[in-house]
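J.: Take a look at this one; I'll ask things after.
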Amino acid sequence: MLHIINKSPFENSTLDSCLRIAKSGGAVLLIEDAVFAATKGSAAESKIKQAMAGMKVYALQPDLAARGVADRVIDGVTLVDYAGFVDLVAENPKLQSWL
Amino acid sequence: MMDEMDMEEGGVVKKFMFVNRKAPHGTIYALEGLEVVLISAAFDQDVSLAFCDDGVYELKKGQDTKGIGVKNFSPTYRALEGYDIEKLYVEKESLEARGLTEDDLLVDVQVLSSAELGALMDEQDVVISF
Amino acid sequence: MSFEINGKTYETDEEGYLVNLSDWNEDAAKHLAVEEKVELTDQHWEVINFLREYYNDYQIAPAVRVLTKAIGKKLGPEKGNSKYLYELFPYGPAKQACKIAGLPKPTGCI
């Protein structure tokens, strides 16, 4: 199952909710303002690292670049472009968008 | 131009603080806030900008929006000085929570603690939030 | 709305500003100047090029007051005043010069 998060981890608790509820073995894709969660040194780093123990974590590269943080992505987070985004959606039969 | 002169004759200068709390490209708040600030410069008021929470990301160096097809307005913050808007405050706690330091920012700012920023906010005549 | 020079089409908005900044070139500037009834001299080009540089740096068209000050700093006080700029661009340096320079309408231009 693929979980998509688009809200910043600092102003919205969707990342916490998702990581609490999502079953391990699934995938999490961070897009739009949620990509800040994938950056080193941020207060969300430990949550993402913890999540990576049981899930695959992806982040949308163009959104990281747009926000000037593409050079500080946490090791182990997989970057995808728009085509990769489509592949993830196609590969996963179920999808939850944490709006 | 006429309106500017009228304001000067009025002679009322108020302290305006624009509080920026949103990351730049996920929503329209940051850009709208910046445009309002630029327009406010025409009225010769005492304008200051505060950046806290995700608003600190508005000032992050190295933004490149080509891949998401929206305007990169981050260079415009560097134009504020030319508009005589020189009071830029950034909350220290918000920077730290995001793994950022003053060196990551594209303009000179004054870094304040939450308490200091709160005190400054309290001194304003008008606080406008984006 | 649009105009055409040498087979190339330039799209404009209802006020005559170029829609795509990247379309701008000297031909387009000359056409826009004719529409504005401005005869381009070296002094005009100096301001136009300044505006394009400013836009390139800051991603906005400056307000008149800011333009005047910045021109004074770069090209000297005899050029950094409203009188000089209004003589070159009678309908307003920000509006008219920005249009010819292919920039969007200035923010905060009243």
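J.: Would you confirm whether or not segment B:71-81 contains a residue that is modelled with pLDDT under 95 and at the interface with another protein chain (Cβ under 10 Å from one of its Cβ atoms)?
T.: Among the residues of segment B:71-81, at least one is modelled with pLDDT under 95 and at the interface with another protein chain (Cβ under 10 Å from one of its Cβ atoms), which makes the answer yes.
J.: Let me ask another. Need the failing condition index for B:Glu91 against (1) over 27 Å from C:Tyr91 (Cβ atoms); (2) more than 14 Å from chain A (Cβ to nearest Cβ); (3) acidic (Asp, Glu), just the number.
T.: Going through the list (1) over 27 Å from C:Tyr91 (Cβ atoms); (2) more than 14 Å from chain A (Cβ to nearest Cβ); (3) acidic (Asp, Glu), B:Glu91 breaks only (2).
J.: Can you work out which of the residues in segment C:57-110 that are in contact with an Asp or Glu (Cβ under 8 Å, 6 or more places away or on another chain) and among the polar types (S, T, N, Q) is farthest from the other protein chains (Cβ to nearest Cβ)?
T.: C:Gln96
J.: With the checklist (1) surrounded by fewer than 20 Cβ atoms within 10 Å (Cβ to Cβ); (2) of a type outside the set (Lys, Arg); (3) within 18 Å of A:Leu64 (Cα to Cα) in hand, flag the one item B:Glu96 doesn't pass.
T.: The number of the failed condition is (3).
J.: Now, a different point. Name the residues in segment B:18-37 that are crowded, with 21+ Cβ neighbours inside 10 Å and free of Cβ contacts under 8 Å to residues at least 40 places away in the same chain, would you?
T.: Within segment B:18-37, B:Ala23, B:Gly26 qualify.
J.: Among the numbered criteria (1) of a type outside the set (Lys, Arg); (2) at negative phi; (3) away from every other protein chain (no Cβ under 12 Å), which single criterion is violated by A:Gly76?
T.: For A:Gly76, the failing item is (2).
J.: Name the residues in segment B:79-130 that are closer than 20 Å to B:His25 by Cβ, small (Gly, Ala, Ser) and assigned to a helix (DSSP H, G or I), would you?
T.: Across segment B:79-130, the qualifying residues are B:Ala79, B:Ser94, B:Ala97.
J.: Further question: For B:Glu81, indicate whether it is without any contact (Cβ under 8 Å) to a residue 60 or more places away in the chain and crowded, with 19+ Cβ neighbours inside 10 Å.
T.: When the stated conditions are applied, B:Glu81 does not pass them.
J.: Another question, if that's okay. Condition check: within 14 Å of chain B (Cβ to nearest Cβ), in a helix (DSSP H, G or I) and farther than 9 Å from C:Ala101 by Cα. Does C:Asp27 satisfy that?
T.: So C:Asp27 does not fit the description; no.
J.: In segment A:20-33, how many residues are crowded, with 24+ Cβ neighbours inside 10 Å and under 10 Å from A:His3 (Cα atoms)?
T.: Going through segment A:20-33 one residue at a time, the tally reaches 3.
J.: Against the condition in contact (Cβ under 8 Å) with a residue 12 or more places away in the chain, over 11 Å from the mean Cα position of the chain (by Cα) and not in a loop (DSSP other than H, G, I, E, B), how does C:Glu87 come out, does it pass?
T.: no
J.: Does B:Ser40 count as at the interface with chain A (Cβ under 9 Å from one of its Cβ atoms), outside any loop (DSSP other than H, G, I, E, B), of a type in the set (S, T, N, Q) and free of Cβ contacts under 8 Å to residues at least 60 places away in the same chain?
T.: It is false that B:Ser40 is at the interface with chain A (Cβ under 9 Å from one of its Cβ atoms), outside any loop (DSSP other than H, G, I, E, B), of a type in the set (S, T, N, Q) and free of Cβ contacts under 8 Å to residues at least 60 places away in the same chain.
J.: Out of the residues in segment B:43-70 that are surrounded by fewer than 18 Cβ atoms within 10 Å (Cβ to Cβ) and away from chain A (no Cβ under 14 Å), which is farthest from the chain's Cα centre (by Cα)?
T.: Top of the filtered list is B:Asp44.
J.: Please enumerate the residues belonging to segment A:3-27 that are closer than 21 Å to A:Ala90 by Cβ, among the aliphatic types (A, V, I, L, M), more than 14 Å from every other protein chain (Cβ to nearest Cβ) and not in a loop (DSSP other than H, G, I, E, B).
T.: A:Ala27
J.: I'd like the full set of residues that are more than 16 Å from C:Gln96 (Cβ to Cβ) and buried (at least 18 other Cβ atoms within 10 Å of the Cβ), limited to segment C:24-58.
T.: Scanning segment C:24-58 gives a single hit, C:Tyr58.
J.: Filtering segment A:34-73 down to residues that are buried (at least 24 other Cβ atoms within 10 Å of the Cβ) and assigned to a strand (DSSP E or B), which residue is nearest to the other protein chains (Cβ to nearest Cβ)?
T.: A:Thr39
The values are calculated or read from the model by the stated rules, or taken from the named source; none is laboratory data. Note that the structure is a prediction, hence the values are computed from the model and not measured. Positions of Cβ are backbone-derived with ideal geometry, glycine not excepted, and every protein chain shown enters the neighbour counts.
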